[in-house]
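As structure tokens, the structure follows; a few thoughts come after it.
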Amino acid sequence: MKTLTEQQAHGYSPNVLAFYGDAVYEVLVRNRVVANHQTNAGKLHDMAVERVRASYQSKAAGVIESMLTEREADILRRGRNAGGISVPKSAKPSEYRRATALEALFGYLSITGQTERLETLFNAICEALPVESDKV
């Protein structure tokens, strides 16, 4: 995707940013899992799932909230309050909204070319919220 200005990216709906950010976040998780574990694809998938579920992403949003700029906090808020979100039975509505907010922020940072900022926030999340597979 072509890099957009912050003004152009701000024109996207939070749901579109979250749609894109879901993929961005997933790639970051998969990169981390593959880089840190030498095992089969099934186990790698299980390790990745630990970090992409709504409950984890909800906690992750809480971890980085105090680190956000005013604009980033606004994107997070817009993502959390977005309409038209269908919450799966496996997630609590509040967790799913916060997870959507995190994905919107990651989508926004990616399409505006803020790769270093994405990595900083993602690393802060991983340090604050280690998962069982990190201990292996």
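The values are calculated or read from the model by the stated rules, or taken from the named source; none is laboratory data. Please read all numbers here as calculations on a predicted model, not as lab measurements. Backbone-built Cβ (ideal geometry, glycine too); neighbour counts: all protein chains shown.
Would you point out which residue out of GLY79, GLY113, GLY83 is under 14 Å from the mean Cα position of the chain (by Cα) and farther than 25 Å from ASP134 by Cα?
GLY79
Only residues that are part of a loop (DSSP other than H, G, I, E, B), under 21 Å from TYR56 (Cβ atoms) and in contact (Cβ under 8 Å) with a residue 40 or more places away in the chain: list them for segment 82-96, please.
Filtering segment 82-96 for residues part of a loop (DSSP other than H, G, I, E, B) gives 82-92.
Checking which are under 21 Å from TYR56 (Cβ atoms) leaves us with 82, 85-92.
Of everything in segment 82-96, those that are part of a loop (DSSP other than H, G, I, E, B), under 21 Å from TYR56 (Cβ atoms) and in contact (Cβ under 8 Å) with a residue 40 or more places away in the chain turn out to be ALA82, ILE85.
In the list THR3, THR39, which residue meets the criterion of being touching a residue at least 60 places away in the same chain (Cβ under 8 Å) and part of a loop (DSSP other than H, G, I, E, B)?
Just one listed residue meets the conditions, THR3.
Just to check your reading of the model, which residue among ALA124, ALA104, ALA23, ALA82 is buried (at least 20 other Cβ atoms within 10 Å of the Cβ) and either modelled with pLDDT of 95 or more or touching a helix residue (DSSP H, G or I) at 6+ places or on another chain (Cβ under 7 Å) (or both)?
Details: ALA124 fails: buried (at least 20 other Cβ atoms within 10 Å of the Cβ); ALA23 fails: buried (at least 20 other Cβ atoms within 10 Å of the Cβ); ALA82 fails: buried (at least 20 other Cβ atoms within 10 Å of the Cβ).
Among ALA124, ALA104, ALA23, ALA82, only ALA104 is buried (at least 20 other Cβ atoms within 10 Å of the Cβ) and either modelled with pLDDT of 95 or more or touching a helix residue (DSSP H, G or I) at 6+ places or on another chain (Cβ under 7 Å) (or both).
Scan (1) surrounded by 18 or more Cβ atoms within 10 Å (Cβ to Cβ); (2) out of contact with any Lys or Arg (no Cβ under 9 Å at 6 or more places or on another chain); (3) within 14 Å of VAL29 (Cα to Cα) for the single condition THR112 breaks and write down its number.
It is condition (3) that THR112 fails.
Quick check on segment 127-136: of everything there that is part of a helix (DSSP H, G or I) and either touching a Pro at 6+ places or on another chain (Cβ under 9 Å) or surrounded by fewer than 17 Cβ atoms within 10 Å (Cβ to Cβ) (or both), which residue is modelled with the lowest pLDDT?
Applying the filter and picking the extreme gives LYS135.
Give the number of residues within segment 57-66 that are within 10 Å of the chain's Cα centre (by Cα) and surrounded by fewer than 19 Cβ atoms within 10 Å (Cβ to Cβ).
Quick first cut of segment 57-66, residues within 10 Å of the chain's Cα centre (by Cα) only: 57-58, 60-61.
Now restrict to residues that are surrounded by fewer than 19 Cβ atoms within 10 Å (Cβ to Cβ): none.
Final tally of qualifying residues: 0.
Please count how many residues of segment 94-117 are within 19 Å of ALA48 (Cβ to Cβ) and touching a Ser or Thr at 6+ places or on another chain (Cβ under 6 Å). Talk me through it step by step, then tell me what you get.
Residues of segment 94-117 that are within 19 Å of ALA48 (Cβ to Cβ), as a first pass: 95-96, 99-100, 102-103, 106-107, 110.
The next check asks that each one be touching a Ser or Thr at 6+ places or on another chain (Cβ under 6 Å); those that pass are 95, 99.
Qualifying residue count for the region: 2.
One line per residue, one yes/no per condition, for (1) among the basic types (Lys, Arg); (2) touching a residue at least 24 places away in the same chain (Cβ under 8 Å); (3) in contact with a Leu (Cβ under 8 Å, 6 or more places away or on another chain); (4) closer than 16 Å to VAL131 by Cβ:
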position: VAL16; (1), (2), (3), (4): no, yes, no, no
position: TYR25; (1), (2), (3), (4): no, yes, yes, yes
position: ASN31; (1), (2), (3), (4): no, no, no, yes
position: VAL52; (1), (2), (3), (4): no, yes, no, yes
position: ILE64; (1), (2), (3), (4): no, yes, yes, no
position: GLU72; (1), (2), (3), (4): no, yes, yes, no
position: GLU103; (1), (2), (3), (4): no, yes, yes, no
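Among (1) assigned to a helix (DSSP H, G or I); (2) free of Cβ contacts under 8 Å to residues at least 60 places away in the same chain; (3) not small (Gly, Ala, Ser), which single condition is MET47 missing?
(2)
Quick check, is ALA61 more than 24 Å from HIS10 (Cα to Cα) and out of contact with any Gly (no Cβ under 6 Å at 6 or more places or on another chain)?
For ALA61, the condition - more than 24 Å from HIS10 (Cα to Cα) and out of contact with any Gly (no Cβ under 6 Å at 6 or more places or on another chain) - is not met.
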